[in-house]
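Peer 1: So that we are looking at the same thing, I have put the structure below in C-alpha cells.
The values are calculated or read from the model by the stated rules, or taken from the named source; none is laboratory data. No experiment lies behind these values; they were computed from the predicted model shown. Glycine also receives a Cβ, built like all others from the backbone with ideal geometry; neighbour counts cover every protein chain displayed. The accessibility values were calculated without ligands, DNA or RNA, using every heavy atom of the protein model including side chains. Shrake-Rupley method; radii C 1.70, N 1.55, O 1.52, S 1.80 Å.
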Amino acid sequence: MLFLPDGSLFCVIFAQNFPDIMKLKEIVDALEQFAPLPLQDGFDNAGLQVGLTDAEVTGALLCLDVTEAVLDEAIALGYNLVISHHPLMFKGCKSITGKDYVERCILKAIRNGIAIYSAHTNLDNVQGGVNYKMAEKIGLTDVRILEPKDDCPQAGSGAIGRLACAEDEEAFLKRIKHTFGVGCLRHNRGCQRQIKTVALCGGAGAFLIPSAIRQKADVFITGEIKYHDYFNYDSQILLAEIGHYESEQYTKEIFYQLIRESFPGLAVEQTRVNTNPINYL
C-alpha cells in the first residue's frame, strides 16, 4: 500500500506467476504441428488415446511408455496429462476388464481424469524428431533423413550424419554404450575401419541396414537387430544394437522442449520411472 501526498490510500496489486490455463486441444495442436499424424506409419496408432480435448490441463508428465507406475506418478504430481512416445493402445479393445496392463492403465487414467497422448512413428519420421535427437547425443553433423518418404522427402525413416573426427570401432562403441547407458551393447565383428559416417534409427530399425550400406555408412546403430542380420551384413558394415528403450529414451527431451517453448507457464516434467521392460544381469 502507498499513501499519496494528499493522504489518500493507493493500492498496488502485484502480478503473480500463476500457471497458464491450457486446454488439451492447444497442446495436441502444438505436438501435431511439429509431428503431423499423417507422417505415422500404417501400423501405428499415434494421437490422443484417452481424454477430451476441451479439458483444462493441470500439468504434463512425459514418458516413453505408459505404465501404471507412470500414471501413479502423474496422480501424485497432480498432473492430468501423460504424453508418451509408444502408444498405450496399438490395437482395438473389445472389452476393458483390467486383464492386462493396457486395460488397467486405461481404467486408471479414466478414473483419475488423466488424458493420454502418444506421438510415435510420426515423431520418428519428422526432421528434428527421435532420430535427430539420437544424432545430437552422438555429436553428428550434416544430419539428414536416411530413407526419405516418396511423397514427403523432408520426412522418413532413420538418419545419417558425420562425426567431426573419425574414431576407431572399439572406442566408438564404448562411447555409444556410455552415452545411451547400455547394459549390454551387441555388435558384429565389423570391418576394422575408422568410423566417420554414422547411420541410425531408434527402436526396431534393422530394415534400414541396406540403406545405410548404400549410403556408405561406416556403422548402423539401432535398438533391435535380428540374429541373421549379423551374418548377412558382417563384412559390409559395423552393426550396433543398443536396445529399444535405450535408443529412444531421449525422446522425452523433445516433448519437454516443445511444451516449454509453446506453453512456458504449464507444469511439465519427465518421468522418473524407468519403463524399460528388459533387465540385464
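Peer 1: Suppose we keep only residues that are of a type in the set (S, T, N, Q) and more than 23 Å from Gly203 (Cα to Cα) within region 82-126. Which one would you say is surrounded by the most Cβ atoms within 10 Å (Cβ to Cβ)? Let's see the steps before the verdict.
Peer 2: As a first pass, look at region 82-126 and keep what is of a type in the set (S, T, N, Q): 84, 95, 97, 112, 118, 121-122, 125.
Right, trim to more than 23 Å from Gly203 (Cα to Cα) and you get 95, 97, 112.
Working: Ser95: 7, Thr97: 10, Asn112: 12.
The selected residue is Asn112.
Peer 1: Right, here's the next one. Any residue at all in region 158-170 that's surrounded by fewer than 22 Cβ atoms within 10 Å (Cβ to Cβ) and in contact (Cβ under 8 Å) with a residue 60 or more places away in the chain?
Peer 2: Within region 158-170 (the criterion being surrounded by fewer than 22 Cβ atoms within 10 Å (Cβ to Cβ) and in contact (Cβ under 8 Å) with a residue 60 or more places away in the chain), the answer is yes, since at least one residue qualifies.
Peer 1: Let me ask something else about it. Residues that are in contact (Cβ under 8 Å) with a residue 60 or more places away in the chain and farther than 24 Å from Thr197 by Cβ, at least 1 per element: which helices (runs of 4 or more DSSP H) completely within region 227-281 meet that?
Peer 2: Result: 244-248, 251-262.
Peer 1: What number of residues within region 207-219 are open to solvent by 20 Å² or more (accessible area, probe 1.4 Å) and under 18 Å from Ser235 (Cβ atoms)?
Peer 2: Filtering region 207-219 down to residues open to solvent by 20 Å² or more (accessible area, probe 1.4 Å) leaves 207, 210, 213-216, 218.
If we keep only those that are under 18 Å from Ser235 (Cβ atoms) too, we end up with 210, 213-216, 218.
Going through region 207-219 one residue at a time, the tally reaches 6.
Peer 1: Could you tell me which residue of region 40-69 is most open to solvent (accessible area, probe 1.4 Å), considering only residues that are among the aliphatic types (A, V, I, L, M) and more than 15 Å from the chain's Cα centre (by Cα)?
Peer 2: Taking region 40-69 as the starting set, the residues that turn out to be among the aliphatic types (A, V, I, L, M) are 46, 48, 50, 52, 55, 57, 60-62, 64, 66, 69.
Filter once more, keeping what is more than 15 Å from the chain's Cα centre (by Cα): 48, 50, 52, 55, 57, 69.
Numbers: Leu48: 66, Val50: 17, Leu52: 123, Ala55: 40, Val57: 12, Ala69: 49 Å².
The selected residue is Leu52.
Peer 1: Within region 139-152, can you find the residues that are surrounded by 20 or more Cβ atoms within 10 Å (Cβ to Cβ) and either hydrophobic (A, V, I, L, M, F, W, C) or over 19 Å from Gln215 (Cα atoms) (or both)? Quick ask: steps written out before the conclusion?
Peer 2: From region 139-152, those surrounded by 20 or more Cβ atoms within 10 Å (Cβ to Cβ) are 140, 143, 145-147; that's our starting set.
Listed by number, the residues that qualify are Leu140, Val143, Ile145, Leu146.
Peer 1: With (1) modelled with pLDDT of 95 or more; (2) open to solvent by 80 Å² or more (accessible area, probe 1.4 Å); (3) more than 15 Å from the chain's Cα centre (by Cα) as the list, and Leu266 as the residue in question, which single condition is left unmet?
Peer 2: (2)
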